[in-house]
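Read through the structure below, which is laid out as structure tokens, and then see the notes.
The values are calculated or read from the model by the stated rules, or taken from the named source; none is laboratory data. Predicted, not measured: the structure shown is a model, and the values here were computed from it. Cβ placement follows ideal geometry from the backbone for every residue including glycine, while neighbour counts extend to all protein chains displayed. Just so you know, the surface numbers come from the protein's heavy atoms only, side chains and all, with ligands and any DNA or RNA stripped out. Shrake-Rupley method; radii C 1.70, N 1.55, O 1.52, S 1.80 Å.
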2 protein chains.
Amino acid sequence: MNPTKILLDHGSGGRASHQLINELILTTFNNPILATLDDGAVFQLNEQRFAFSTDSYTVVPLFFPGGNIGELAINGTVNDLAMCGAKPLYLSVGFIIEEGFPIDDFQKILSSMQKAAAQAGIMIITGDTKVVPRGTADKIFINTTGIGIIPNHITISGTNARPGDKIIISGTIADHGITILTRREGLQFESPLQSDTAPLNSLVALMLATTPQIHTLRDPTRGGVATTLNEIAGQSKMGMKLYENALPIRDEVRGACELLGLDPLYLANEGKLIACVAPEAAEALLKAMQQHPYAHETCIIGEVTADHRGTVIMETGIGGTRIVDMLSGEPLPRIC
Amino acid sequence: MNPTKILLDHGSGGRASHQLINELILTTFNNPILATLDDGAVFQLNEQRFAFSTDSYTVVPLFFPGGNIGELAINGTVNDLAMCGAKPLYLSVGFIIEEGFPIDDFQKILSSMQKAAAQAGIMIITGDTKVVPRGTADKIFINTTGIGIIPNHITISGTNARPGDKIIISGTIADHGITILTRREGLQFESPLQSDTAPLNSLVALMLATTPQIHTLRDPTRGGVATTLNEIAGQSKMGMKLYENALPIRDEVRGACELLGLDPLYLANEGKLIACVAPEAAEALLKAMQQHPYAHETCIIGEVTADHRGTVIMETGIGGTRIVDMLSGEPLPRIC
């Protein structure tokens, strides 16, 4: 590692995060399950495969249009399990709370968590609460860790993307990231921006019931669509081709991104998924997904190629192509 | 809840923590598995019972005699699973790191975690790393969440303590708590104090192989032996009688406690367990435990009674009795 200190960029979900994970964490905790680097770990026990996933949530502000840190913490981990093809079952929750945090706000967060858990059909069955002195944490951090079961015929992984696969996204991009960033900047827009936080397990169940030809599922959170596609390109050793004109972006999101000089491809989503699916299954899958309340705007945004392996290329709106790299050197901390 | 803000005492593991959990968290996340309040949750799937447990570690200082936050985070969650009678299998780890944290220290913590995991025979299979800006967290917080399997004939719970059960402790008390507190106060003693952090799963396996008559297992961490026995008294609706003269306390720990005005009954342990065991099995169990490297000083410190139900009473060294309450109003933050 070149730097001697942890930098914000190490937590961005982009290139520096991957370096930290690959060079330090994976080499120390050296085991084959961790090394797959999917959204969750998969292990097998008594003929049953399980998915297991953890995330800490540090978002600022805690309350934002479309949600709060509580439902984000439930939906985020539910989605990581769903991206393994798992049916999420149980969650643990760990709170680290700063002394002086208003109990009213804590109650609101708890209620949102319970509501989100009920909506996703999962139970919070164990927990831990630590309180740290004023000034040693910023209000509240939440860890959730989840466990789910993977049906035996399902094998979903970033390693499984194949040439010719269509790349599908379940709706508009950058909604969560731009909402958080504009709130933090104190900006207001005429058309209100809103986080897309949502549990995607019922959408995944619908997709898996529609076709067995889904190869990869991933939710493009920290680092956005660009970083997620780079991860899949790296895991599968395939190329990814994106069509710029096909990217679904709300007008108000595009406007806010232009104003702030941000690329929506790198902004977090909290209620969207990317799927790599066999081309012959894509049309039926699109139709089925568009019936789901969280996926009306599902569309094809690209394809997996045997060319430029390990790299994401975008066909731009004006007919050129450019390389789409991982998020790098532009940390957007505490987005989730 | 009387206060309107979260207080340090809400995280002490004592009375205020229990109030917060019972009045706010349990009523919101209302489900029967969470409500058992054992060290981990127990759920069943395909005829197999699982234990699932989470803890966040915020200890100050990060490095202390006998260990660091990394091995504490592994051993603590391994122990919570073992206290359910489970064989721990897999852990997740979530880091929240303050910008600027030295990578050398992070590497030391990772190495300790890997060493502790190997010693306990478990694997870290999934993780998450968040970095927050300088001043919004204190150096590093670690969450670990673990999963283990419970053999079908084992039922261990705080609810199972029965009148006549012997209360066994696996060694000296207060070692971890007094080590952390004296380090924080900058005190040095002639006989060095040292944390007792250790994985107890092999000790539990030995105990379960020795006798089927173990009713309750619990590790007396935050809040110490006094709080843990109050928890068992509350869960089982039994009385607990402690013999003050039987409590194993190192001389140097006793001395430091007197100097600082602290009661060792309320100080955290990180490598000890309390067992409630049928009286006819106690002698054989003691002998077996004393052979284990982490339990040479195992002894009987009391018994479960049908009197003074829900209460812990101590027979004092001078022949009187006194009520031993939960930790209350004396927060010792960031002890683990």
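For the reader, a short list of remarks on this structure follows.
- Count of residues meeting criterion [at the interface with chain B (Cβ under 7 Å from one of its Cβ atoms), open to solvent by 40 Å² or more (accessible area, probe 1.4 Å) and modelled with pLDDT of 85 or more] in segment A:1-20: 3
- Subset of segment A:32-66 [on the phi > 0 side of the Ramachandran plot and either aromatic (Phe, Trp, Tyr) or away from chain B (no Cβ under 12 Å) (or both)]: A:Gly66
- Within segment B:104-124, residues that are charged (D, E, K, R) have Cβ atoms under 8 Å from residues that are crowded, with 24+ Cβ neighbours inside 10 Å in these pairs: B:Lys108/B:Gly70; B:Lys115/B:Glu71, counting only partners at least 6 apart in sequence or on another chain.
- Residue within segment B:199-206 that is out of contact with any helix residue (DSSP H, G or I) (no Cβ under 6 Å at 6 or more places or on another chain) and open to solvent by less than 20 Å² (accessible area, probe 1.4 Å) present: yes
- One residue from A:Ala198, A:Ala205 being in a loop (DSSP other than H, G, I, E, B), closer than 25 Å to B:Asp128 by Cβ and among the hydrophobic types (A, V, I, L, M, F, W, C): A:Ala198
- Taken over segment B:318-336, the criterion of being open to solvent by 40 Å² or more (accessible area, probe 1.4 Å) and not hydrophobic (A, V, I, L, M, F, W, C) is satisfied by B:Gly319, B:Thr321, B:Arg322, B:Asp325, B:Ser328, B:Gly329, B:Glu330, B:Pro331.
- Residue count for segment B:1-42, restricted to those that are in contact (Cβ under 8 Å) with a residue 12 or more places away in the chain, farther than 15 Å from A:Pro102 by Cβ and in a loop (DSSP other than H, G, I, E, B): 7
- Every test in (1) in contact with a Leu (Cβ under 6 Å, 6 or more places away or on another chain); (2) surrounded by fewer than 22 Cβ atoms within 10 Å (Cβ to Cβ) is passed by B:Val60 save one, and that test is (1).
- In this structure, A:Ile69 does not qualify as more than 22 Å from A:Arg184 (Cβ to Cβ), open to solvent by less than 10 Å² (accessible area, probe 1.4 Å) and in contact with a Phe, Trp or Tyr (Cβ under 6 Å, 6 or more places away or on another chain).
- Leading residue by the ranking (surrounded by the fewest Cβ atoms within 10 Å (Cβ to Cβ)) among those in segment B:235-248 that are part of a helix (DSSP H, G or I) and touching a helix residue (DSSP H, G or I) at 6+ places or on another chain (Cβ under 8 Å): B:Gln235
- When residues of segment A:85-98 are limited to those that are facing chain B (nearest Cβ under 10 Å) and not aliphatic (A, V, I, L, M), the one farthest from B:Val132 (Cα to Cα): A:Tyr90
- A:Ala275 being more than 14 Å from chain B (Cβ to nearest Cβ), part of a strand (DSSP E or B) and either under 23 Å from A:Ala209 (Cα atoms) or of a type in the set (D, E, K, R) (or both): yes
- Of everything listed in (1) outside any loop (DSSP other than H, G, I, E, B); (2) within 21 Å of A:Asp39 (Cα to Cα), the single unmet condition for A:Lys108 is (2).
- Scanning segment A:277-315 for residues that are more than 22 Å from A:Gly164 (Cβ to Cβ) and open to solvent by less than 30 Å² (accessible area, probe 1.4 Å) gives A:His292, A:Ala295.
- Condition check for B:Leu91: in a strand (DSSP E or B) and either buried (at least 24 other Cβ atoms within 10 Å of the Cβ) or in the same structural domain as B:Ala41 (by TED's automatic domain parsing) (or both): yes
- Some residue of segment B:65-86 being modelled with pLDDT of 95 or more and in a strand (DSSP E or B): yes
- Residue in segment A:219-245 that is farthest from the chain's Cα centre (by Cα), counting only those that are of a type in the set (S, T, N, Q) and closer than 14 Å to A:Ile313 by Cα: A:Asn245
- Once segment B:43-57 is narrowed to residues that are open to solvent by 10 Å² or more (accessible area, probe 1.4 Å) and assigned to a strand (DSSP E or B), the residue that is farthest from A:Ala51 (Cα to Cα) is B:Asp55.
- The set of residues from segment A:157-170 being farther than 24 Å from A:Asn75 by Cα and open to solvent by less than 10 Å² (accessible area, probe 1.4 Å) comprises A:Ala161, A:Asp165.
- Beta carbons closer than 6 Å, at least 6 apart along the sequence or on distinct chains, pair a first residue in segment B:129-140 that is free of Cβ contacts under 8 Å to residues at least 60 places away in the same chain and within 8 Å of another protein chain (Cβ to nearest Cβ) with a second that is surrounded by 19 or more Cβ atoms within 10 Å (Cβ to Cβ) and of a type in the set (Phe, Trp, Tyr) for B:Thr129/B:Phe95.
One line per residue, one yes/no per condition, for (1) polar (S, T, N, Q); (2) open to solvent by 10 Å² or more (accessible area, probe 1.4 Å); (3) part of a loop (DSSP other than H, G, I, E, B); (4) in contact with a helix residue (DSSP H, G or I) (Cβ under 6 Å, 6 or more places away or on another chain):
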{"residue": "A:Gln119", "(1), (2), (3), (4)": "yes, yes, no, no"}
{"residue": "A:Gly135", "(1), (2), (3), (4)": "no, yes, yes, no"}
{"residue": "A:Ile142", "(1), (2), (3), (4)": "no, no, no, yes"}
{"residue": "A:Thr145", "(1), (2), (3), (4)": "yes, no, no, no"}
{"residue": "A:Thr155", "(1), (2), (3), (4)": "yes, yes, yes, no"}
{"residue": "A:Thr172", "(1), (2), (3), (4)": "yes, no, yes, no"}
{"residue": "A:Ile178", "(1), (2), (3), (4)": "no, no, no, yes"}
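- Test: residue in segment A:73-82 that is under 18 Å from A:Asn201 (Cβ atoms) and open to solvent by 40 Å² or more (accessible area, probe 1.4 Å): no
- The condition of being open to solvent by less than 10 Å² (accessible area, probe 1.4 Å) and facing chain A (nearest Cβ under 9 Å) does not hold for B:Ile109.
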